[in-house]
Structures are given as C-alpha cells and as structure tokens.
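Before any comments, here is the structure.
The values are calculated or read from the model by the stated rules, or taken from the named source; none is laboratory data. Note that the structure is a prediction, hence the values are computed from the model and not measured. Cβ atoms come from the backbone with ideal geometry, glycine included; neighbour counts cover every protein chain shown. Keep in mind that these areas ignore ligands, DNA and RNA; they rest on the heavy atoms of the full protein, side chains included. Shrake-Rupley method; radii C 1.70, N 1.55, O 1.52, S 1.80 Å.
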Amino acid sequence: MPVLSLNESLLFTSMLFSVGLAGMLVRRNLVFMLMSLDVMLNASAVLFVAAGARWHDASGQVMFLMILALAAVETSVGLAIILCLHAQGRPTLDADTGNLLRG
Amino acid sequence: MNPLPALVLLPIAGGGVAWLAGRSRMAAALRVHDAPWRIALMTLVLETLVLLVATLRHPAHAEPWMAHFSMPWVPTMGIAVRLDMDGLSLALIWLSLILCLACLFLATRQVMANGGVFHFLLLATLAGVIGTFLATDLFLFFFFWELMLVPMFVLIAVWGHEDRQRAALKFFLFTQGGGLLMLLSILGLVMMHYRADGVLTFDYFALAATPLSPTVSMLLMLGFFAAFAVKLPVVPVHVWLPDAHTQAPTAASVLLAGILLKTGGYGMIRFNVMLFPDAAARFAPLAMGLGVAGILYGAWLSCSQDDVKRLIAYGSISHMGFVLLGIFSSSPMGMEGAIVQMLAHGLSTGALFLVAGSIEERMHTRDMRRIGGLWAAMPRLSSAGVFFAVASLGMPGLGNFAGEFLVLLATWHVSPPVAVLASVGLVLSAIYALRLVNSIFLAPQGGSLQPMADFPARQMMALGCIMAFLVVLGLYPQPFMTFSAPSSPFPTTAAGREGHAS
Amino acid sequence: MENASDIWSVFIYAAAIGVLLACMLGLSALTGTRRRESAGGPSLSTPFESGIIPTGSAYLRLPAQYYLVAMFFVIFDVETAFLFTWGTVVTEVGWIGYGAAMAFIAFLAIPLAYLWRAGALDWGPRPRFRTPDGDGKVPAP
Amino acid sequence: MTLHDTFLPSPLLVLSAGIMLMLAGMAWRRSVVRGLSIGLVTELVALGMVTHHTGTVPDGSMGLFIQDHWTAFTAMLVLFSSACILLMSWRDLTDDGARPAEEYPLLLLLGTLGATAMVFSASYVPFFLGLEIVGISLMGLVAFNHRHFMRGCEAAMKYLILSGLSSAVLLFGMGLAYALTGSLRFAPPIPADGMPPAMAMVATVMILVGMFFKLSVVPFHMWLPDVMEGAPLPVAAFIAVVSKIAIFSTFVRYFGTGSLPPALNGMLYAVIILTILGGNLLALRQSSLTRLMACSSIAHVGYLLIAFLSPGPLQPGVITVYLVAYTVSTLGVFAVMCACSPSLSPNGAAITQWGGLFFTRPFMATAMSLMLLSLAGIPPGIGFFAKFGVAATGVARQRDLLLGALVTGSIMGLYYYLNIIRVMMKAPATPATKTAWRMEPELTTLVIVLTMIVVIGGLFPARIIHPFLPG
Amino acid sequence: MMRLSLPVLTPLAVLGLATMLTWVERRLLGLWQDRYGPNRVGPGGVFQAVADGVKLLFKQDWVPPFADRGVFVLAPAIGMMTVLLSFAVIPFTAMGGIAGGMNVGLLFILAMMGLGVYAVVLAGWASNSKYALLGGMRAAAQMISYEVFMGVSLLGVVMAAGSFSLRDIVAAQGRVWFVIPQCLGFCVFMLAGIAETHRLPFDLPEGENELGAGFHTEYSGLKFGMFFIAEYAGIILVSALVTTLYLGGGLGPVLPAAVWFTLKTCGMVMFFILLRAALPRPRYDQLMALGWKILLPLSLLNVMATGTIMMLRATTP
C-alpha cells in the first residue's frame, strides 16, 4: 500500500514544479535561478517515481536516476559558467545585467 | 534530334564557356581581350541556327504544336521536363534572339569589368526566358520563371547605374512576390486535378482539362494574373519598372524591356486565357480597365519625364497596356493585335534603349535637358533614334501601328468608350515620342558639343535589321499573325491529341 | 519498505533527537552567564584572527578548486547511484549486465584519467593545462 | 536482462567509443589535430553504420531505441552536418595554440552523440538523455568563444537558463504522460482507464511547449539569436542545424505524421503563423549576419511545420527534401562565414562588413549567394524545390492562412537574403585591398561540396525524394 | 515498549558515550604518550567529562554580533542531528536496532553523512570570519570528496551481500567477515571514515596551526560542545559501521549479539584514537590527492574485482 496515492503526489509535484517555475520567473539572481531549475527538474523526477509506483513499473525509477544525473550535470555546468562570468569581472549575479548580446 | 532542349541549354553552356574565358588567367592565356564577347556571339549564332532548323522543320503548320520534348524529372510528383513549341513561343524566341544579337553588337563589347560573368549572366537570362517560352510543365515553367530573375538581378545590381542596388532589389521583390502567388495557383490547379483525376501531374495539357468551379477557377486565374501583371507590368504593380529600366546597364535594359516584359504577355495568353477561358472572360472588363489605365497613366507620366530611359520606360508601360487590352478583348483579332504589339514593342523599345544607352555612354548623362542637337553630331545614331521613336508612337506602316490598330479595333467591338480612351493614349504617346525626338536630336545644344563617335556601320546594320523587321511587321503583318498564333491546349482533332499525349 | 514500523521508529527517533537538541540549545541559553555586550570588551565582538585585527570582508574569493571539487562530487556521486542499482543484482543480470557495468566503470575511469592529466585534481598554484609540447613539467618559479 | 535490452544502433556505440578514445588520448597527451581527426573519423564511421545495430531488435514497443528509414535519414543528416562543422572549426582551433582547444572536438562529438541518441529514441529515457547531452555540451561549446569570452559566457548562461527551463517543462509533461499511461513509450499519451483525459492534453501541451522551446518557435524563440551571436561561428551552425534536426526528427516521431490531437491544431496554426512572420520580421531588423541566420532559421522551422501539419502523399518526401535543403544551405552559409571571418570582424559579422566580397573573394561570394538564394527558395538551389514542396503540401490540405504566411514570409525573407547579396556586390570602399588570406583547403573543399549538393540537388531533386517518415 | 524506548534511549546513550569518549581518549593518549591523562575528578578521572560538560553549560551563550544569527545557532544542531539520525539503521542489537531492517539503510547513512556537510559549511559561512570560512570550505571539500570514495567502497559490500539493509549485510557475513574478501574496500572505507569525521590525522579543516579552530572558531559554550560531541559521536558511528559492514556486526559465539557488537565497536574506537596518537597530519593537497588519485581508482578496482569474482563464481557450477 503506497503511502501516497497518485493524485496526492501529482498535486505535490505540480506545486513543487510551480514553485520552481515561479522562482525561475521571479528571481533575478543566477544562482537562485539555477536552484529553481533544480526544483523544477526534481519535481518531475518525483513525479516519475510516483507514477512508477502507481503502475508498479521500475522504469520510473530509472528515469529518476537519469534526471538526477542530468540535473547534477546541468547545475555543475551552470555554476561553472557563473564562475566564469564572475571571474571575468561581472560582479553581480543579476540575470538582467547581461547586455552584450543585443541585435 | 529534338531541338528544344538544345535551345534552352545552349545559352547556358555557351555562357559557362564565356565565363571561363573571362577569368583573368584564362583571358591572359587567350590573348584576346574580348574573348567572352566572341564566345557569346558564337553561341547566339549557333542558337539561331538551331532555331532556324526548328522553324523550318514544320513549315506547313500541319499541327498546332510544332515540336515536343518530354523527359521525366521528379516522377513522384508528376514533374517532367516538358517542352512544347507553338507559333507564339517560336515568334517570341525569335524576338529574343534578334534583340540579344543586337545587344551584343551594340552594347556589351565594351563591358570590360568581369566581362565573362556579364556575358554568362546575359546568356543565362536568355536561357531562362527561352525556357519560360517553351515550358509546358507548370513546375518547369515556374522554375524558369524564377531562374531568369537571378541573373537579371545580378546584372542590374553590379553593372547598373548609381542607384542600381535598390532598383535591383525592388525588381526582384516585386517579381518574386507575384511569382509566389502564381506558385500557389499552380499548386492549387494541380491539386484540383489530383482530386478530380487521382493523377499528380504538372502537365499543361492535362491540367487544361481540369473541371473547376467558377470561384476556384477565378481564384487560380487571379494568382497567375498577379505574377504576369507584375511582369507586364499592369498599373498598380508597375513601380519596379521605371527604376529597374533606368538603373540597368544598357544590355539589361534591352533584355528587360524587349523580352522580360513579354514573358508577362506570353503567360497571360498561354495560361490565363487558355487555361481559364471562362474566368478570363469574366475578368476581362476589369483587366481591360487596368489596361486602359496603364495606357493613359504610362503615357501621361512619360510626357513629364526628363530622363531619357525613364521616359522610354513609362512609354513601355503604356504600350503594354495595349497588350493587356488586346489579350482580354476576347476576340482573335485582339489577341493577334496583342501579339503583333508585343513583337513590335520588343523590337522598337529594345532598339530605343540601345540608342539611349549609346547616347548615355557618349554624353554621360540621361537628362534630356542637357542633351540636344545630336542630329548634327551623330547623324546615324540620330536617324536610328528618330526612326524607333516614331515607330513607338505608332506611325502607320510600322509594326506598332498594326498592333495598336488591331487592338483598338477589337476593343471597339467590345466597348467603344474604352477604345476611345485607349486612343487618347495614342495621342499622348505621340506627344512624348515627339518630345523625345525634338529635345534630343533636333533642339539646339546649349553648350559646346565635343565631336563624338557615331555608330559604326556594323552596328547600323544590326539596327537596320530591326528596322526592316518593324517595317515588314507594319506593312504586311498577316504572315506573322498566322505564324505566331498561339495554339490551344485543347486538342482540336483526335490526331492532335495523339501527338501530345505522352 | 519491508515493514512500516521501521519508518515509524525512525520518525519517533527523529522526534526524540529534535527534542533533545532543542533542550540543549535552550538549556545553554538559560544557564549561561549573562553579561552585557560591552562588558566583554572589544575583542569579543571582532572575529578571531590569531590576535590580528581583521581587515576586509570575511567572504573571500576562494580558489576555484573548491568549486571543482563540488562539481566532481556531484557528478561522481550521482554516477555511483547508477552503480548501486547494479550492485544488488550482480548475478541476476548476468554477463550482459556485468559488461554494461564494466563499460560504465571504464567510462568513469577515462574521464578521471583525463581530469587527472588536465590538472583538475591538483591543488595549489600550478598551470592548469599542460603546454602543447606536452612534457607536463612545471616551469620553475 | 535479455538480449534485446542491449539493442543499440551502431552510431551510438561508435560515437561513445570515439569520445572515450578521444578522452583517453587527451589524458595521454594533448593534441588538437589528433582530437579533430579522431572526431572526424568517428563521425564518418558512424555515418557508415547508421543502419547497423547490436543486439536483437525488440518486438513491439518495448525497446529504448528504434531504427528505421527515418532514423537512418536524420542520423545521416546529423552526422554529416556535425562532420562539416568539425571541418569548419579546424582552422580556428589549430590557429590558436595559446588556449586549450582540445575539449572542443570532444564536446562537439558529445553533442552529436546526444543528437543521434534523440534521433534513435523510441522511449522518453534516451530522448531526454540525448536532449540534455546536446544541451549541456552546447553550453560548453557556446562558451568556447576565444575572441569574446565574455559574450560566450553570457550566451551560454542564457542558453543554460532557457534550455533548462524548457527541459523542465518537457520533463514534467513526460512525467504526466508516464503517470497516465504507465509506459515510457515515445508517443502522445492515451489515458488508461480511470485517468482524466484532460491530463493527457496538459501533458501533450507541455511536451509540445518544451519541444517548441528547443526548436525556437516564435513565442519561445528569444534565446536563439542571442545564443548564436555569442557562440563561435561553427557552434552557431551546430545550434541552427544539428540540434534543430534532432529535435524536429523526434518531434515528427512523437506526434507521428498528422496524428496530432485535433484540439491542438488551432494552437499550432497560430504558432506557425507567428513563427514565420516573427522570424522574418526579426531577421529584417538584424545587422549581424549570425543573428540574421538565427532569425531566418526560426522562420524555416515555421515552413517545416507547415509541411508537418499537412499530411498527404507528398508530405514525407517534402519534409525530407526540406530538411536536406535547410541543412546544406545553412551549413554552406556558415562555412563561407568561417572562411571569410578572419578578414571580417570576429564573429559579429556585421552585414556591412561583407561589402565587396564579390571583388575580393569571388568564389566564396558566389557560393554564399547560391546558399542564400537556396534558403530564399530561388532556383537553382535545392531550397527552391523544398519551398515548392512545402507550398504543395499546404495547398493539398488547403491551409490557406498558412500559405498566406508562407508567401508573406518568403517575400520578407527574399528581401533580407538579397540584401546580403546586394551588400556583397557593393564595390569595396577601399579599392582593391586584397587582404592576404590563408589557404584553407578544408574549408574550400567543404564549400565546394556543399555548393555541389545545393545545385545538383536543386536540378535533380528526384534523387533525394524518398518518403522517410516513420509510420 | 521496545519500539518506543529504544528510539528515546538511543540518543541519550550515544550522547553519554560520546561524552565519556572524550575522557577515554585523553586517558589513552596519555597512556600511549607516556604521561597521565585527566585523573583527578572521580576515580581515575572518570568524571572529567561530566565536569567539562557542566562547565560548557554554564558558559555564556554567545552569538557574535557579526555572525548570521539564525544559521549560526542552527549549524551545530544540524551536525548533531545528522550523526544521531544515522544510528537509526545500525543493527546494534539482535533485533537490528531502531530500523536496522530498513532496506535502504546504507543509503540512509550515506545521505545523512552528505547532510552533515551542511553543518560545517553553514557554521563556517555564518561565522563571518576568515578562519571559519576557510575551515568550512576545506571541511566541505574534504567531506564531499571522501563521501564519493566511501560510497564506491561500500559498493563491494553491497554487491557481496546483495542488499542495502544493514541487517542483511550482517547476516551475509555468517561464513566469513567481509573484512577478508573486501579488504581493499575496508581500507578505503576506513580512510574515508576518518576523513568524514575530520579526525586526526585528517583534521585539516580544524588544523590549529593554520586555521585557528577551523569552522567552529567563533563558537563557544554548549554550541561548541555540540560540535565537539558530534565529532565523537561520529567516531562511534563510523566504528559501528565498520563493525557492521566488515566485522560481522553482532555475530560471534556464546555472548549475545549486543555484547559482541559493543566489543567490536570499542575496539574500532580505540583504533581511531591510536591513529590520532600515531600519525602526523598530511598537507591538504596531499589529502585531496590521496582521495581522488588513489582511493577512487582503488575503490573502482574493488568494485570491478568483486563483480568479476561474483560472476565467475555464479557461472562456474
């Protein structure tokens, strides 16, 4: 007997996803945006696990592992790029200050 | 051996050779500074011979379609290389070749900067035009239709005058815009045919038999009309023409005015009228209105131009109005008139552009107010100029008069007021042509006139040929009219059907 | 879960620890001696730096090496997760699974060798990338 | 674990082996040329093995991967383009000995692996994996801009955030689909018993939106020009060609051809019209050639979607031809840009700087014009036939609005493509300053080959038309 | 009753043991270094630890004005919490402890150790002092690095036992303790365990000759005490883990399981203290190099070897 039913986990993951999405749209600090991104990805990962539990199917957990790995890589690369930007002398992490690329 | 593919491919091949010959390294090896020109000339002569063979093979007009060539191209979409020749296309190809030859004699030998490329582009345009006149596969027609734009664009944009690039762009965009509408119409027609017959084909003859509801056929016809109207040009979409003609180098102007405009007229006859006769008949009043508007508008603006080339260009608009009028007058007579007018206008206006180009080359200006009294300085050039100006105003006895008269006559049967209005255009055309003659050749020159080289005899000979054609066309148009009558896509006899069903 | 009681024990355990920690923190707040801040003297309210008066912000720019380690951790630790899934079923999945796992380990080992050679695992002020002639010698300071 | 679990299309195997070889080689001793050579050989071998596989083909819909004509076709396109891009970057990388450049071919190969994995995927797992591998290696590649490191980093950051966002949306959609159907099969969800059908719609829309983001279809397009501008030129080509083909390939596989839920048709209509008009309007305003290419690639996706939305007997062939035309022409433009970039401003390639190219480097200028004309849909380029085909499919299904957009967009497109040609024809301001350029045999060969494909493909398109679409 | 009392008593017991361990360590160090340890308070100085605790309790509860107050207070609690929580899955009785049967027990411990990093980093960051920050960063880098090797080295045990449940792992050692077949993994795990608890010789985050007291430089009173106790609880935890994973847990003849378990754990604790007495401290770069360049390949090798042997044994009849 699963502790959570699919509907509850759906609700939970949707809320988590929305929180991440809101963070992504509202926050302007690059690090926080990365964190929001991870929240979104992990919400999806949890959804996969919950759905896998609902269908008694292990592939949901496989997907979970993949998502975990790729979210980790994405965060790593993101941090690396932020470091690069920082090292190149962009003091703030505000996403709106990037203005080198304008048509 | 079928001459039709050779007609299309020969100019391209010759142009390629000319291009190669024009490469600086190659030119140095050849030790001839005008090698591209010579090669182009040879190509044209060869082309003429081929055309002659094609003409003489069917002297008796046993069948309406004189030659046929077919080869699969994209079988999955029912596209094939289908080339057919009837009197109309033959006549127009002749016109193209004559003008091209004249061009080579008069205008292009001096082109030194990248002469090879120039001649290649010239011949490529010619190939595109000839292909357009011959193609009876709608896809192929569209292919050539688009293809001839590119070299012309480059010709104008690179070798043209001061404002060349804007003009070239305008020319390309307008034509292409019309072309895309035509593309949709072609596709629509093909799809209608596919739905009715279950056969996917772009064959002109097959598509002609497509059953269409009045609305659909009207829509499709309008798509075709848009493309041809831009090319012809019909009044509201004519704005590219004055710029393009003015800015183009002489040879390109000649090709534009003499030949490219005719593809519009050709298309209207071949596709609008032949494929959608009912829709065309319903559309005729509007088309005739547009034609008259073109005649009056072109002539009126022409009267107030100071730029020689611009004046001729607006004159062209006016003359092409007659073609439109004739095509849509729904009578064989009007159609014949339109064809004669196309031929005559091609010759006379082309020659006028040649003369104007020569003048510009010598005087370094196109402003009529700064040119004058050339008669004294260059009698041969001036006489040629006067002849063609008079021809284009519709002097009886010359080709233009025959065409315009036939058109007016046919129009009179349909609608006398329109005919009256159109003949007002004739009066106006007399005004601007005489103004041209007067101010350039006759009026005294303000400043001192440096001695300048007149046309040499060889060039006069080329012009003389054109004059001769005009005179014959004017005095005895009947053979031309029978010769150049367009053939219907519908088989008149069972035998005819056999001949083309393949 | 094999039995849900395990979970509940863990929850009870966690609650007990929570209470305990709260008690400890609260207790020390209650029992500690009170003194006014000023009474502690100025040295109480400056960060400890072995007797030197601190200058500048404490938030230094740390060497990028720390971030590199963080990334390696994230990546290698997650890769371990993949190996763990294989770990419990080694014999069940047979030679194909074994081959896959070995390939995976090889795919971990080769990047590790790459990182090693690229200098990402070295600490201290050394050139991070070898010179193109590839001798890998550290230039004399 | 049975044998069909190991079913793996050979290109994936070859590419991964190549990547590992390259890494090992780099660990042994660094060398750019060796890296590039390994990359090229790997890609060619993979190209030769697109139809091979290991293991036994799984029956039914259980496998992770699938192999059919469509995968063979798109995988070939992907591998070919990526080999071309490797060639384009050859000179830039071997030029500059000061900075480490060995990772570039590695990342490029990784990106290709990701794209290939996407192409072959028959399940959400390899699809998502491939998507992310492409995205992540692209972030590295975009930041690989030696000349403008800061720009590169900024573009990479932008790409990271937006591609991450779209991945998350896509992933959540996939999660919903999985929750509905209990299978990770790569197909629109059909809700099982007791599941709300509205959820299937939500899932489909989220997946659609995610894919649109990656395809940079108009409401979700804003990242593409910026990222392409910040990236090195070959990488910009990679974004425009390889990643788009891979996504489009999976898009076609996912939604089948024409089995889109009818309720979404309206949305797609709007999106396509917006894409075509928006992409072209944006392109009109650009002054940098890279950005212009980015905007025009947005528009081209719109045209492709018209063909996608108009199923019929013509559709498979048309999509095939259009993909080939788009790929080859875009690659050609970028190859010429790479060849000429040292004499131009680095990477920004403001259009005005192309003035007089016809006089300084006539061959390159001619090739460039042919490519641009092909993109504009003018003969003799292959793009003419492609656009013709798209219009044909649209007419066959009477997509009047879309056709209107197509015509309008094409005219706008014509304007800006011709504008570039026009600029190239302008006489150079400083007469005949023949800047000495290096011989670049690989770029010249590449341009020649691409030009041949464009012209020959335009004249004999019948050879290319094969209905490759799945299902 | 058992289910309720064990969870409540365990943390108290661990706390008590850890407190006592400070005295044991000092006495043992004295013994090995040929001097007296604390020997005044109570018989043999056994109440020294209690006295220390009382002293800490009555010290001022000082939060430096420059610190981030909330995080500063929270950090030691997190440190304690993660260590204590890990004990939940250790099967120290015959019944298997609080949740010894949990089927992801090992992963639970790894997770808790991962969370332990937060205590260090947050403490270092919240202190707003250079020594503390550097110490925190060092500790974090060290801990997360060694957690990787710890996880990989544990994989050998997991493979051999076929389960993550610590109770199953103990049961799987019926024939031979894993310390024999998994000797490579054992070595790696020991080293990783020392580094995880940042004990000497791997106590670089708190190396007093370069960093003051590292991440808890600014701490005093019972909050310092909590870090202190958490460290000793960590020693017990790692010893208990080693016992469970490699030394057969509560397995042993005659005596009850709990006694065997306690004996083995005590032995490991002593070994830890002996290490402190015997070994010098390496440089930080040497520590990291040891981890990434030696331990990681070794542990990967261990996994490969274990897998190969298991497969060979499974396929040969």
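Hey, what's the Kirkwood Rh for chain B if you take every pair of different alpha carbons, in angstrom? Mind dumping the intermediate values first?
Details: mean 1/r = 0.0440 Å⁻¹.
Taking the inverse mean of 1/r over all distinct Cα pairs, chain B comes out at 22.7 Å.
Per residue, the convex hull spanned by the Cα atoms of region C:63-123 measures out at 66 cubic angstrom.
Residue-wise HN-Hα couplings along region B:346-351, as the Karplus relation 6.51 cos²θ - 1.76 cosθ + 1.60 with θ = phi - 60° gives them from phi, are x, 5, 6, 5, x, 5 Hz; Gly and Pro carry x. Sorting the Cα pairs of region D:1-256 by distance into bins of 5 Å, from 0 upward, gives 1, 7, 13, 17, 17, 16, 13, 8, 5, 2, 1, 0, 0 percent per bin.
Per residue of peptide A:61-69, the mean number of Cβ atoms on other chains within 10 Å of the residue Cβ is 6. Between amide H atoms placed 1.01 Å from N, distances below 5 Å from D:A350 occur with D:L289, D:S345, all of them 5 or more places distant or on a separate chain.
Residues whose amide H lies under 5 Å from that of D:H53, counting only those 5 or more places away or on a different chain, are D:S10; hydrogens are built 1.01 Å from N in the peptide plane. Each residue, B:T48 and B:T482, gets one label point 7 Å from its Cα in the Cβ direction; the gap between the two is 2.6 nm. Each 5 Å bin, from zero up to the one with the longest distance, holds this percent of the alpha carbon pairs of region D:259-471: 1, 7, 15, 19, 18, 14, 10, 7, 4, 2, 1, 0, 0. Applied to region B:298-309, the Karplus parametrisation 6.51 cos²θ - 1.76 cosθ + 1.60 on θ = phi - 60° returns per-residue 3J(HN,Hα) values of x, 5, 4, 5, 4, 4, 9, 8, 9, 8, 4, 5 Hz, with x for Gly and Pro.
Please state, as a whole number in µm²/s, the translational diffusion coefficient that the Stokes-Einstein equation yields for chain D at 20 °C and 1.002 mPa s, with Rh defined as the Kirkwood radius across alpha carbon pairs.
Values: Rh = 22.4 Å.
Translational D for this selection: 96 µm²/s.
Projecting the Cα atoms of A:A53, D:F128, D:P105 onto the charge dipole of the protein assembly as shown, computed from C-beta unit charges around the Cα centre, puts D:P105 farthest toward the positive end.
In this rough spin-label picture, where each label sits 7 Å from Cα along the Cβ direction, the B:V239-A:E8 distance is 7.0 nm. For region A:8-90, the Cα gyration tensor yields ellipsoid semi-axes of 29, 16, 4 Å (square root of five times each eigenvalue, largest first, whole Å). The calculated FRET efficiency for the pair C:T31 and E:L263, based on their C-beta separation and a Förster distance of 45 Å, comes to about 0.75.
When E:W177, E:W62 are compared by accessible area at a 1.4 angstrom probe, the order from most to least is E:W177, E:W62.
Taken over region B:289-487, the percentage of Cα pairs per 5 Å bin, counting from 0 up to the bin with the maximum distance, is 1, 8, 17, 20, 18, 14, 10, 6, 3, 1, 0, 0. Here the alpha carbons of region D:167-304 define both size measures, Rg and Dmax, at 16.2, 55 Å.
Can you give the direction-averaged projected area of the convex hull of the alpha-carbon atoms in chain E, in nm²? Working shown, then result.
Working: hull surface 71.6 nm².
Average projection, Cα convex hull of chain E: 17.9 nm².
Taking label positions 7 Å along the Cα-Cβ direction at both A:M15 and B:A430, the computed distance is 9.4 nm, reported to one decimal. With respect to chain B, whose longest principal axis is taken over its alpha-carbon atoms, helix B:138-147 is tilted by about 20°.
Note on B:K231: accessible area is roughly 0 Å² with a 1.4 Å probe, heavy atoms of protein only. Rolling a 1.4 Å probe over the protein chains gives B:F105 an accessible area of about 60 Å². Helices in chain D, meaning DSSP H runs of at least 4 residues, each add -39500 (n - 2.57). Divided by all residues, the mean residue ellipticity at 222 nm is -23500 deg cm²/dmol. Could you work out how far helix E:69-86 tilts from the main Cα principal axis of chain E, as a 0 to 90 degree angle to the nearest 10? Orientation of helix E:69-86: about 30 degrees from the principal axis.
The share of alpha-carbon pairs in the protein assembly as shown lying farther apart than 66 Å comes to 29%. Pairs to check: B:K262/B:K309; E:K59/E:K130; D:K214/E:K293; B:K170/D:K387; E:K223/E:K264; B:K231/D:K387. Give those whose C-alpha atoms are more than 29 Å from each other in this structure. In this structure, D:K214/E:K293; E:K223/E:K264 exceed 29 Å between Cα atoms.
Work through the residues other than D:G394 whose Cβ is under 12 Å from its Cβ and net out their charges, Lys, Arg +1 and Asp, Glu -1. Working shown, then result.
Working: positive: D:K387, D:R397, D:R399; negative: D:D400.
Net of charged neighbours comes to +2.
Between the helical axis of B:457-475 and the longest alpha-carbon principal axis of chain B there is an angle of about 50 degrees.
Please list, in order, the residues from region B:223-244 whose amide nitrogen is less than 17 Å from a point placed 7 Å along the Cα→Cβ vector of B:E162. Within reach of a label on B:E162: B:243-244.
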